[in-house]
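Peer 1: I have a structure here, written as structure tokens, and I will follow up with some questions on it.
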Amino acid sequence: MNTYRVGLIGHKFMGRTHTHAYSDLPLFADLNNVRVEKYIICANEPDIETVAGEWGWQSWTMDWKDVVNDPKVDIVDIAAPSILHAKIAIAAAKNGKHVICEKPMALTLEDARAMLDAVQEAGVKNMIGFNYRSVPAVAFAKKMIADGLIGNVLHFRGIYQQDWLTDPNYPVVWRLQRSAAGYGAHGDMGSHVLDVLRFWLGEVDEVLCDQRTFVSKRPVALASFGVSGAQAGTELVEVDVDDASSMLLRLRDHNCLAYVEATRNGTGHKNQNRIEVNGSKGAIIFDMENMNHLQYYNVDDPESLRGFRTIQVSEPYHPYMAKWWGAGHIIGYGDTFIHQARNFIHALEEDMPASPSFEDGFRSQILLEACQRSYEEHRWVKVEEIKV
């Protein structure tokens, strides 16, 4: 039996989802006699000892260097803020550790390039945390498109919206600071939609981007908790990332119109990631707020029966679902991370590249940079212009 010991860096929202993945991985993934151990968890806050005990980690530390230097660690999983991604990933790769890293990959394109170079030079397996690829409905939609069920692709529309910044008194947490996050809604949420676009339809040739920061000054944050919970102080500080971003894209392999929008001011939406693809023979709609279903339209249906049908993507023959509950029993957001971990372990066992890889993360980072340049220079930007 092969054993892989995981060192997890981060213990908040993403740390919890990744812990869930490793805890339940044996229950819902075919590991082929492989053991995955929650070996060590790291955070720079004093509650990490309590968290480690409650979450079932064997040990804990407050210094990420302890994780990447520990000879017993096989996999370094980076679920910490973006500002730490590059230094941890590069150090882990140099020490021969396999690396999983949350998105966006890095604060800058230069850091992303350095991360990619590090894992390639070390020959270690690597994965970027675009978990939406592991949603069964998203994976099944990719197959439907590849099988020609919607014909020639004409339109791609993706919108990711949350509403936690509609309150002008919401404080400036790390996600609202370029020095800590690198991007705003553009990179945090928009990167997910851009990755699904690449996953389904391939590479982008050029982009045109617009952005808005609706509230330029907000109260300083005294404390933060969860994804969007925070306590505000009285001092006002500058917001230097976007609240919302919209992008037009031209694709390499499809003569279609593509549009991507990301906003933290989508009033009434807590986590909507809605993607629609229209083709010459049909259409597909995915909405993360109803993640176990796809809406599918087929122009070949009899005229009297035409309309969007609902496909419940929860049967054993759908991607990832064979090891889950009985037919028709749905899964949730956190379970996509089980699929992600399963894919990584399979890549290790079969000695094949993991997907999505750091290469995918780097290509996504190039798109984010192209969009940023487009906004700043008020023009279409070809992706090939972005060099590092």
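Peer 1: Can you give me the number of residues within segment 79-105 that are under 20 Å from Ile366 (Cβ atoms), hydrophobic (A, V, I, L, M, F, W, C) and not in a helix (DSSP H, G or I)?
Peer 2: Matching residues across segment 79-105 total 3.
Peer 1: Out of segment 161-193, which residues are closer than 15 Å to Gln272 by Cβ and open to solvent by 10 Å² or more (accessible area, probe 1.4 Å)?
Peer 2: Residues of segment 161-193 that are closer than 15 Å to Gln272 by Cβ, as a first pass: 161-166, 185, 188-190, 192-193.
Residues satisfying the conditions are Gln161, Gln162, Asp163, Trp164, Thr166, Asp188, His192.
Peer 1: Something else: Here are some conditions: (1) more than 30 Å from Asn290 (Cα to Cα); (2) loosely packed, with under 15 Cβ neighbours inside 10 Å. Glu369 meets all but one. Which one does it not meet?
Peer 2: It fails just one condition, (2).
Peer 1: Hey, could you check segment 43-90 for residues that are open to solvent by 40 Å² or more (accessible area, probe 1.4 Å) and of a type in the set (Asp, Glu) and say which is nearest to the chain's Cα centre (by Cα)?
Peer 2: Taking the candidates together, the pick is Asp74.
Peer 1: Which residues, taken from segment 283-310, are small (Gly, Ala, Ser) and either crowded, with 18+ Cβ neighbours inside 10 Å or in contact with a strand residue (DSSP E or B) (Cβ under 9 Å, 6 or more places away or on another chain) (or both)?
Peer 2: Residues of segment 283-310 small (Gly, Ala, Ser): 283, 304, 307.
Of everything in segment 283-310, those that are small (Gly, Ala, Ser) and either crowded, with 18+ Cβ neighbours inside 10 Å or in contact with a strand residue (DSSP E or B) (Cβ under 9 Å, 6 or more places away or on another chain) (or both) turn out to be Ala283, Gly307.
Peer 1: In segment 239-282, what residues are touching a residue at least 60 places away in the same chain (Cβ under 8 Å), among the acidic types (Asp, Glu) and open to solvent by 10 Å² or more (accessible area, probe 1.4 Å)?
Peer 2: Correct list: Asp240, Glu261, Glu276.
Peer 1: List pairs: first in segment 328-340 and over 15 Å from Gln312 (Cβ atoms), second among the acidic types (Asp, Glu) and open to solvent by 10 Å² or more (accessible area, probe 1.4 Å), Cβ under 6 Å, 6+ apart or cross-chain?
Peer 2: From segment 328-340, the pairs are Ile338/Asp24.
Peer 1: Inside segment 313-355, can you point out the residues that are under 27 Å from His186 (Cα atoms) and in contact with a helix residue (DSSP H, G or I) (Cβ under 6 Å, 6 or more places away or on another chain)?
Peer 2: Gly334, Thr336, Phe337, Ile338, His339, Gln340, Ala341, Ala354 - these are the residues of segment 313-355 that are under 27 Å from His186 (Cα atoms) and in contact with a helix residue (DSSP H, G or I) (Cβ under 6 Å, 6 or more places away or on another chain).
Peer 1: Within segment 23-42, count every residue that is of a type outside the set (Asp, Glu) and open to solvent by 30 Å² or more (accessible area, probe 1.4 Å). I'd like the intermediate steps shown before the answer.
Peer 2: Filtering segment 23-42 for residues of a type outside the set (Asp, Glu) gives 23, 25-29, 31-36, 38-42.
Pick out the ones that are also open to solvent by 30 Å² or more (accessible area, probe 1.4 Å) and you get 23, 26-27, 32-33, 35, 38-39.
Number of matching residues: 8.
The values are calculated or read from the model by the stated rules, or taken from the named source; none is laboratory data. Predicted model, so just to flag it, every value in this text is computed and none were measured. So basically every Cβ, Gly included, is an ideal-geometry build from the backbone, and we count neighbours across all protein chains shown. Side chains are part of the model used for accessible areas, which takes the heavy atoms of the whole protein and leaves out ligands, DNA and RNA. Shrake-Rupley method; radii C 1.70, N 1.55, O 1.52, S 1.80 Å.
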